[in-house]
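Peer 1: Structure provided below as structure tokens; questions to follow.
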Amino acid sequence: MTDVALNCAYAVGAVNAVVGVWGTWLWWRVEVGTHYWTAVRVAQVACGVQAVVAGILWLSGRHHGDNLYYLYALLPLFVGFAAEQFRILSAQTVLDARDLEDAQAVGRLPEAEQRSVVLAIVRRETGIMALSMLVVVFLCWRAAITL
């Protein structure tokens, strides 16, 4: 069972590395990735699978003395949750920076400015999620070396 947990940590880390690098590339290039958000969700589901594997390992009675593996296997869920909260706040942050009250205020702007606001929001969201994916890569690596 430990081998399954080890391979799961490597696989989840690899998936998150690919998605994190992809998101970083999109953020750097100021591009909108249409399939990027699907990949983010796949990476988040992979983190959930790793948490389930860690739970099965715990329930099977194969506890590690320091329990660090379980911490590193479960933290990606919390990182993803926190990143989603920051992602949700990113739209308001961009609107506040441009002194816009809400989405209706954006709708009253000229079309070019509307696109600029939307692109700024998407770029910020992409950067937040890419960073969270790269943090998860580190946590998966730590989970793997503590097994």
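The values are calculated or read from the model by the stated rules, or taken from the named source; none is laboratory data. Since the model is a prediction, treat every value here as computed from it, not as a measurement. Glycine gets a Cβ as well: all are built from the backbone with ideal geometry, and neighbour counts include every protein chain shown.
Peer 1: Residues of segment 28-50 being exposed (fewer than 14 other Cβ atoms within 10 Å of the Cβ), of a type in the set (S, T, N, Q) and assigned to a helix (DSSP H, G or I), which ones?
Peer 2: Thr38
Peer 1: With the checklist (1) in contact with a Gly (Cβ under 6 Å, 6 or more places away or on another chain); (2) polar (S, T, N, Q); (3) more than 19 Å from Val15 (Cβ to Cβ) in hand, flag the one item Thr126 doesn't pass.
Peer 2: (3)
Peer 1: Further, regarding this structure: If you take the residues in segment 3-20 that are more than 17 Å from Gly80 (Cβ to Cβ) and of a type outside the set (Ser, Thr, Tyr), which one is surrounded by the most Cβ atoms within 10 Å (Cβ to Cβ)? So that I can check it myself, show each step before the final result.
Peer 2: Going residue by residue through segment 3-20, those that are more than 17 Å from Gly80 (Cβ to Cβ) are 3-7, 10.
Still in the running and of a type outside the set (Ser, Thr, Tyr): 3-7.
Working: Asp3: 8, Val4: 11, Ala5: 21, Leu6: 16, Asn7: 12.
Ranking the qualifying residues of segment 3-20, first place goes to Ala5.
Peer 1: Among (1) under 28 Å from Arg124 (Cα atoms); (2) surrounded by 15 or more Cβ atoms within 10 Å (Cβ to Cβ); (3) modelled with pLDDT of 90 or more, where does Trp25 come up short?
Peer 2: Going through (1) under 28 Å from Arg124 (Cα atoms); (2) surrounded by 15 or more Cβ atoms within 10 Å (Cβ to Cβ); (3) modelled with pLDDT of 90 or more one by one, Trp25 breaks only (2).
Peer 1: Only residues in segment 110-132 that are within 30 Å of Pro76 (Cα to Cα) count as the first member; pair them with residues that are among the hydrophobic types (A, V, I, L, M, F, W, C) and surrounded by fewer than 19 Cβ atoms within 10 Å (Cβ to Cβ), Cβ under 6 angstrom, at least 6 apart or cross-chain, and list the lot.
Peer 2: Val122/Val32; Arg123/Val30; Ile128/Phe86
Peer 1: Oh, and also: Given the conditions (1) in contact (Cβ under 8 Å) with a residue 60 or more places away in the chain; (2) closer than 22 Å to Asp3 by Cα, which single one is not true for Gly33?
Peer 2: (2)
Peer 1: Then there's this: Any idea which of (1) at pLDDT 95 or above; (2) over 27 Å from Val53 (Cα atoms) is the one Gln92 doesn't satisfy?
Peer 2: (1)
Peer 1: Looking at Leu95, is it touching an Asp or Glu at 6+ places or on another chain (Cβ under 9 Å), crowded, with 16+ Cβ neighbours inside 10 Å and farther than 22 Å from Tyr36 by Cα? Walk me through it before giving the result.
Peer 2: Details: touching an Asp or Glu at 6+ places or on another chain (Cβ under 9 Å): yes; crowded, with 16+ Cβ neighbours inside 10 Å: yes; farther than 22 Å from Tyr36 by Cα: yes.
In short, yes.
Peer 1: Would you check if there is a residue in segment 107-124 being surrounded by fewer than 18 Cβ atoms within 10 Å (Cβ to Cβ), farther than 30 Å from Thr34 by Cβ and among the hydrophobic types (A, V, I, L, M, F, W, C)?
Peer 2: No - not one qualifying residue is present in segment 107-124.
Peer 1: So the check is Cβ under 9 Å with 6+ separation or different chains; which pairs have a first residue in segment 36-49 that's on the phi < 0 side of the Ramachandran plot and a second one that's among the aromatic types (Phe, Trp, Tyr) and at pLDDT 95 or above?
Peer 2: Here the result reads Tyr36/Trp22; Ala39/Trp22, each pair linking segment 36-49 to a residue that is among the aromatic types (Phe, Trp, Tyr) and at pLDDT 95 or above.
Peer 1: Another question about this same structure. I'd like the full set of residues that are free of Cβ contacts under 8 Å to residues at least 24 places away in the same chain and either touching a helix residue (DSSP H, G or I) at 6+ places or on another chain (Cβ under 7 Å) or outside any helix (DSSP H, G or I) (or both), limited to segment 73-94.
Peer 2: Going residue by residue through segment 73-94, those that are free of Cβ contacts under 8 Å to residues at least 24 places away in the same chain are 74, 78, 81, 84-85, 88-89, 92.
The one that is free of Cβ contacts under 8 Å to residues at least 24 places away in the same chain and either touching a helix residue (DSSP H, G or I) at 6+ places or on another chain (Cβ under 7 Å) or outside any helix (DSSP H, G or I) (or both): Leu74.
Peer 1: For segment 51-72, which positions are without any contact (Cβ under 8 Å) to a residue 40 or more places away in the chain and outside any loop (DSSP other than H, G, I, E, B)?
Peer 2: Hits for segment 51-72 are Ala51, Val52, Gly55, Trp58, Leu59, Tyr70, Leu71.
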